[in-house]
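One structure below.
All of the numbers you see were taken from the coordinates with simple rules; none came from a lab. The structure displayed is predicted, hence computed values, not measured ones. For neighbour counting, all protein chains shown are included, and Cβ atoms are generated from backbone atoms with ideal geometry for every residue, glycine included.
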Amino acid sequence: MANLFSSFDPSTSIFSLSLNWLSTFLGILIIPTTFWLLPNRTGTLWHKINLTLFKEFKVLMGPSGHKGTLLIFISLFSLIMFNNALGLFPYVFTSSSHMSMTFALALPLWLSFMLFGWINHANHMFAHLVPQGTPGVLMPFMVCIETISNSIRPGTLAVRLAANMIAGHLLLTLLGNNGPSLSMLMIQLLIISQIALLVLESAVAFIQAYVFTVLATLYSTEVT
């Protein structure tokens with residue numbers, strides 16, 4: 001079991017410097033090409049995805065959303081989806097399956113929402129602690145429950161993304177390790193199942209990036 005999970009450890013290093021995390025920044029090399037290359041199918045598809053996300057996030061945030069916040073969430077979606085998809089390639093380090101990255105994305109977002117809300121809309125934040133129509137006897141309990149549920153949001157965001165990414169990779173690794181001991185017929189079935197799981201993981205990579213960004217957008221609407 002230790003050897004199984006060690007496949008997710010950042011082990012590539014030169015001069016004691018871990019180089020696995022450099023895969024997270026490979027997207028920076030792709031971004032400048034969109035400004036000088038001729039329009040192509042990939043660029044058109046990515047433009048349509050960003051336009052669809054822009055329209056949906058704009059509806060979620062409503063008229064009270066601040067200018068520039070939509071760009072932040074679309075960039076967050078692009079970063080997570082790129083790292084999720086990059087981890088599907090063999091021998092590529094999946095940074096989004098590690099809590100150190102997912103928590104580093106979720107915690108600053110949550111802290112910025114909380115600080116902005118309590119500094120600028122303190123009454124609104126207090127009102128969120130007690131749902132409308134709560135009996136007076138239950139108000140202290142509701143405040144405790146809402147406070148706890150609000151405090152664990154960065155943890156749930158980080159665990160959801162990391163757990164979903166590492167689960168699929170573990171399943172692919174477990175099935176792939178059994179290949180040498182199987183017969184020819186079972187190997188053919190194994191290859192078909194691996195391809196099906198890879199297609200499923202491609203969908204999960206997109207969906208988890210979308211879920212993370214939508215939840216972050218919804219959390220931001222509660223402080224405005």
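Okay, here's what the table says:
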{"item": "Debye-sum result for the range 2-221 in log10 I(q)/I(0), which assumes one identical scatterer on each alpha carbon, at q = 0.13, 0.15 Å⁻¹", "result": "-0.92, -1.10"}
{"item": "Thr134/Val214 FRET efficiency (R0 25 Å; Cβ-Cβ; nearest 0.05)", "result": "0.40"}
{"item": "Those chymotrypsin sites (Phe, Trp or Tyr not before Pro) in the range 182-214 that DSSP places in a loop and that have at most 15 other beta carbons within 10 Å", "result": "none"}
{"item": "Coil-residue trypsin sites (Lys or Arg not before Pro) of the range 53-113, DSSP, other Cβ within 10 Å capped at 15", "result": "Lys67"}
{"item": "Computed FRET value (nearest 0.05) for Phe206 with Ala122, which takes r as the C-beta separation and R₀ as 30 Å", "result": "0.20"}
{"item": "C-alpha center-to-center spacing [the range 56-85, the range 176-224] in angstrom", "result": "22 Å"}
{"item": "Potential lengthening between Thr173 and Ser112 on full extension [0.36 nm per residue; Cα-Cα distance subtracted]", "result": "18.2 nm"}
{"item": "Percent breakdown of C-alpha pair distances by 10 Å bin, ordered from the shortest bin, for the range 104-224", "result": "11, 29, 22, 16, 12, 7, 2"}
{"item": "Using alpha carbons only: equivalent-ellipsoid semi-axes of the range 36-135, gyration tensor based, whole Å", "result": "33, 20, 12"}
